[in-house]
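*Asks:* Supplied in structure tokens, the structure appears directly below.
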Amino acid sequence: MERRRIGASALEVGAIGLGCMPMHWAYTASQQSGEGALRAVHAALDAGVNLLDTADMYGPFTNELLLGRVLRQRRPDVFVSTKCGLLVGEQHIVANGRPGYVKRACDASLRRLQTDAIDLYQLHRPDPEVPIEETWGAMAELVAAGKVRSLGLCAVGARAHRRAGGGLYDTTIRQLARLQQVFPVSCVQAELSVWSPEALDALVPWCAARGVGVLAAMPLGNGFLSGTLTPGQGFEPDDVRARHPRFTAEMMAANQPIVA
């Protein structure tokens, strides 16, 4: 369970959110259980969580299907967020920001989530082959059609786009300025924790000055700040943390004071 801060336009609510990616994708496969995940989501809602954050690529698709089982019973209790723009292949992930695809992806997410509208629809990653304004324009049409209530940009992958000598979120901020000319950005999702505070330097001030909400991704540092991981214990091969430099035994040991 992770606390998320939402604060802009249609998102002006205090939120405690549950990021649902690890239930079906990217983390330890042996600990993924459909029924266990379902019970966890219901327990989170019972405890006061009101934001569920997912994406069509998680699984792919299975995480939205899981949340659909919850939303069918408890839609009034939930602010639901999902994402589009990434396709998962056998050994790769590619961006797809073509307008036609975005609209089809939204319809598919609505079916899997068993709802008639998505509260926050986020662009997971911009497609380098498609002008971001074209992708955002298609997403804005989904708002006009009543299928989506607000739009957001996911900046979790900003590190991969940093230019030499530039700030971590320079590219994201330039993209946000362009998007604002097409349709208002309601929320930006970015990695933010005591382990990774870079968003506080530039991205959060930019959002605050413009009334754009910030959704803090990975506030527990991919589980590192939960205190349940031991340096050197390793991860299952399909766990993304097995290949992440932050989770080498040496780096984990060096960063133990952060956990403390």
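The values are calculated or read from the model by the stated rules, or taken from the named source; none is laboratory data. Fair warning: this is a prediction, and the values are worked out from it, not measured in the lab. All Cβ positions, even for glycine, are placed from backbone atoms using ideal geometry, and neighbour counts span all protein chains on display. SASA here: full protein model, heavy atoms, side chains in, ligands and nucleic acids out. Shrake-Rupley method; radii C 1.70, N 1.55, O 1.52, S 1.80 Å.
*Asks:* If you filter segment 77-176 for GluC sites (Glu not before Pro), then keep DSSP loop positions with at most 15 other Cβ within 10 Å, what is left?
*Replies:* Here the GluC sites (Glu not before Pro) that fit, given the DSSP loop and packing criteria, are 90, 129.
*Asks:* Hand me the trypsin sites (Lys or Arg not before Pro) from segment 142-243 located in a DSSP loop with no more than 16 other Cβ atoms within 10 Å, in residue order please.
*Replies:* Qualifying residues, ordered by number: 162, 163.
*Asks:* Also, I was wondering about something else. Under 25 °C and 0.890 mPa s, how fast does segment 166-241 diffuse according to Stokes-Einstein, given a Kirkwood radius computed over C-alpha pairs? Answer in µm²/s, whole number.
*Replies:* 172
*Asks:* On to the next question. Please figure out what share of the DSSP beta bridges in the chain is antiparallel and state it in percent, rounded to the nearest 5.
*Replies:* Of the beta bridges lying entirely in the chain, close to 25 percent run antiparallel.
*Asks:* May I ask you to list the chymotrypsin sites (Phe, Trp or Tyr not before Pro) in segment 201-260 that are in a DSSP loop and have at most 14 other Cβ atoms within 10 Å of their Cβ?
*Replies:* Answer by residue number: there is no such site.
*Asks:* Over segment 129-244, calculate the relative contact order: mean separation of alpha carbon pairs under 8 Å at least 6 apart, over the residue count, as a percent.
*Replies:* 21
*Asks:* So, one more: Counting heavy atoms of the protein chains only and a 1.4 Å probe, report the per residue accessible area for the chain as a whole number of Å².
*Replies:* So the chain comes to 46 Å² accessible per residue, rounded to a whole number.
*Asks:* On the accessible surface of segment 125-260, probed at 1.4 Å, how many percent belong to carbon and sulfur atoms?
*Replies:* 56
*Asks:* Run the helix sum for the chain: -39,500 (n - 2.57) per DSSP H stretch of 4+ residues, divided by residue count, reported at 222 nm to the nearest 500 deg cm²/dmol.
*Replies:* The helix contribution divided over the chain gives -9500 deg cm²/dmol.
*Asks:* Give me the extension gain from residue 72 to residue 253: residue separation times 0.36 nm, minus the current Cα-Cα distance, reported in nm with one decimal.
*Replies:* Working: separation 181, 0.36 × 181 = 65.16 nm, distance 4.39 nm.
Fully extending the segment from residue 72 to residue 253 adds 60.8 nm.
*Asks:* State the extension gain, in nm to one decimal, for the chain segment bounded by residue 116 and residue 235, taking 0.36 nm per residue of separation less the distance between their alpha-carbons.
*Replies:* Roughly 39.0 nm would be gained on extension.
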